[in-house]
1. Could you tell me which of the pairs K79/K122; K112/K137; K73/K137; K42/K73; K43/K112 are separated by over 21 angstrom between their Cα atoms in the structure shown?
2. Report the gain in length on full extension from E66 to W124: 0.36 nm times residue separation, minus Cα-Cα distance, nm rounded to one decimal.
Amino acid sequence: MPNYRRIFEDGYSYYITIVTHRRHPILIDNIALLRESFAQSKKKFEYSIEAIVVLPEHIHMVITPENATEYPKIIGAIKAYFSRHYNVQDNEALEQSYSRNKKRYKAIWQKKYYEHTIRDEKDWYETMQYIQCNPIKHGLVENIEDWEYSSFVKRK
């Protein structure tokens, strides 16, 4: 398998998927903390959120960082703030591997995240369609307008 290399080019947008540890459905129940995690990351890094959808156990988003090399740090800042302020339940802490416990990881996030550099208009359109329809795909709603944790829904 060839080595994966991330592309760090200013002016590009990045499609990111972040998933909770063992897909624990904690994000919607802690949406205020998640929003604060994003707000805190925006105090440290310059980036725009082009699209986002939050589901119970994962987030899909497209961000455009001012400095492309900072997008891993942006993701790290969001996850770190959430992790520092989230109260892990006892049963969640027990569901980790020995190595994760030894490294003192909290049972909140998967260690890695998915990243894709958006390269052209077709890629942009397909990514936006995928993000927008994700709550429908997962059976959470029948119409995207009914999922309030999405940038595609107009706020009242």
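Rule-based calculations on the coordinates, nothing more; no lab input. On a predicted model such as this, the values are computed, not experimentally measured, just so you know.
1. K79/K122; K112/K137; K73/K137; K43/K112
2. Details: separation 58, 0.36 × 58 = 20.88 nm, distance 1.80 nm.
Full extension from E66 to W124 adds 19.1 nm.
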